[in-house]
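Each remark here refers to the structure printed beneath this line.
The values are calculated or read from the model by the stated rules, or taken from the named source; none is laboratory data. As the structure is a prediction and not an experimental result, all values here were calculated from the model. Backbone-built Cβ (ideal geometry, glycine too); neighbour counts: all protein chains shown.
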Amino acid sequence: MSPLALAALALMGTQAVPALAAEWHFTPELQLRETYSDNYNLAPSGLEQSGFITEIAPGFTLTGKGRRSQFHANYQLRSVNYGGSAGHNNFQNYLNADGKAELMDDFMFIDGNANINNVSTSAFGPQALSSSYATNNRTEVRSYSISPYIRKRLDSLAQGELRYTHQGMTSDTVGFADYVSDRLNANLSSGEAYHTLGWDLAGSTQESRYTDLNSVRSDYVNGTLRYRLTDTFSLTGSTGYERYTYPNLGDAASGASWSVGFDWRPSERTALAATGGQRFYGNAYTLNGTHRSRYTTWNINYNEEITTQQEQFANSGSVSTSSFLNDAFLVSIPDAVARQQAVDAFIRATNLPATLATGNLGLSNRFFLQKRLQGSVAYTAGKSTALVSAYDTLRRPRTSNDQNSGFVNGNLFFSDQTRQRGVSGLYSLRLSPLSTMNLNAQYYRTASLLTNISDNNKLVTVGVSHQFSPHTSGTVELRRYQGTFTQSGTDFRENAISAYLFMRL
């Protein structure tokens, strides 16, 4: 993790200015987990390895809340030990940290986040869906982002923002390029004085550096007009220009852009916006919708972007489980600190992943045009909580596959064009004030659009959690995971039972 990132995250909560003094809570934690699996190496029939897996995971939660700042971090170091097969033993790190602070009243701010996660190196083959699996298809990814910015309102005429973002990413996979980026964004928008005809001006410039690869610069400028037909409905139109300096496979990676669309905001709890137009690569569309009722939280999003896998990790381009549950619990738990504590407890009790149904199309050093549709809904009422998230991601390369030549294992699993569709669901039922039953299911399909290769993965878990004391909880869980892999002509099945104990020290 970059020293700059860690220093800036600490700055947000402790050293920025005296006004940022916060109330801090540090909670040491320990999780013990014992699993028996009949196929922990996810091998085809006849090659399975079975046995007990012991996981010891010390960690901590750190939260801080001040008048003008807030910070939350959860870290865990997980030791995974396989009975009778010491060669698979390993350590895994997990971190989810974010913070924000207002350095000067209504003028200067700073945001930041840092993450460590273990992800699959390839979208094809057995997936690292659990820390207990002994698979080579896993790597640790570390990312961070620091973003100071100033925001100024010019009475009712306009409001502007100037933001600098420094971000980076590293991993344990040889050949997957480390990434550091510096971006400057400027935005100026019309104020309340422009009731009928509003406008936005935006521009950015970014320098991205990759280990053993050429640096890439991108520039963007755009202007938008909004015509308000009613108090809740507006028409939008935009025009702009963008440029990338990566070595494009086809035409130059630059050109003019335009779009038309609408923005509908019937209430504070509902918003829907959509656009359609042209960018240098062809037709382009966007969609953003949210709705929140007493019991439900809905989100739908479609976007198209030129990006890299490194930038996706650094931007945490996914539905964060913690952020999604924060929105879902907003009505029932108004206090931000209490809500975050409830979210953390819920994630532990249900053994939820860091992100919801976002998938992973594998590590690659190439630039891609990525098109992604994603929707999610959360339902909370009485003793029940239900979460459903679905996505459809299409990735098409914009640069040569030569950029992947540094991977030690070659490019066997890298496809020029890949599509992944998936859905995940969770149902949690509070059986008593201290006990909860949880059902979690995932399914996704990954396909190469240039070959006949397509893989399917299905994972189902069911468990019961019990709160033994204010600081101790336990869970017993059954798991079924199976997959079909076209390339090798094999499939696998795994059944497991786990028991784990979580303690706040």
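Within the range 130-140, the residues that satisfy the criterion of being within 24 Å of Ala447 (Cβ to Cβ) and out of contact with any Pro (no Cβ under 8 Å at 6 or more places or on another chain) are Ser130, Asn136, Arg138, Thr139.
Considering the range 138-159, and only residues there that are within 27 Å of Asn457 (Cα to Cα) and buried (at least 19 other Cβ atoms within 10 Å of the Cβ), the residue that is modelled with the lowest pLDDT turns out to be Arg138. Looking only at residues of the range 28-77 that are small (Gly, Ala, Ser) and in contact with a helix residue (DSSP H, G or I) (Cβ under 9 Å, 6 or more places away or on another chain), we find that the one that is surrounded by the most Cβ atoms within 10 Å (Cβ to Cβ) is Ser69.
Here is a check on your reading of the model: is Ser171 farther than 20 Å from Ile306 by Cβ and surrounded by 14 or more Cβ atoms within 10 Å (Cβ to Cβ)? Judged against the criteria, Ser171 is a match.
Residues of the range 197-229 that are among the β-branched types (Val, Ile, Thr) and modelled with pLDDT under 95: Thr211 alone.
Mind listing whichever residues of the range 78-135 are aromatic (Phe, Trp, Tyr) and either crowded, with 20+ Cβ neighbours inside 10 Å or in contact (Cβ under 8 Å) with a residue 40 or more places away in the chain (or both)? Hits for the range 78-135 are Tyr82, Tyr94, Phe107, Phe109, Phe124, Tyr133.
Out of Thr475, Thr484, Thr446, one residue alone is among the β-branched types (Val, Ile, Thr), under 30 Å from Gln417 (Cα atoms) and either modelled with pLDDT under 90 or touching a helix residue (DSSP H, G or I) at 6+ places or on another chain (Cβ under 9 Å) (or both). It is Thr484.
For Ala128, the requirement of being part of a loop (DSSP other than H, G, I, E, B), among the hydrophobic types (A, V, I, L, M, F, W, C), at pLDDT 90 or above and under 30 Å from Thr486 (Cα atoms) is not met. Please list, ordered by first then second residue, the pairs with beta carbon atoms under 6 Å, 6 or more apart or interchain, first in the range 193-212 and over 17 Å from Glu161 (Cα atoms), second surrounded by 16 or more Cβ atoms within 10 Å (Cβ to Cβ). Taking only residues 6 or more apart or on different chains, the pairs are Ser208/Ser181; Ser208/Val216; Arg209/Val180; Tyr210/Ala177; Tyr210/Tyr179; Thr211/Ala177.
Number of residues in the range 142-178 that are out of contact with any Phe, Trp or Tyr (no Cβ under 6 Å at 6 or more places or on another chain) and not in a strand (DSSP E or B) equals 8. Just to be sure, is Leu394 of a type outside the set (Gly, Ala, Ser), out of contact with any Asp or Glu (no Cβ under 8 Å at 6 or more places or on another chain) and either farther than 22 Å from Thr121 by Cα or surrounded by 15 or more Cβ atoms within 10 Å (Cβ to Cβ) (or both)? Spelling it out, Leu394 is indeed of a type outside the set (Gly, Ala, Ser), out of contact with any Asp or Glu (no Cβ under 8 Å at 6 or more places or on another chain) and either farther than 22 Å from Thr121 by Cα or surrounded by 15 or more Cβ atoms within 10 Å (Cβ to Cβ) (or both). Scoring His25 on the criteria (1) under 30 Å from Glu311 (Cα atoms); (2) surrounded by fewer than 17 Cβ atoms within 10 Å (Cβ to Cβ) leaves a single failure, condition (1).
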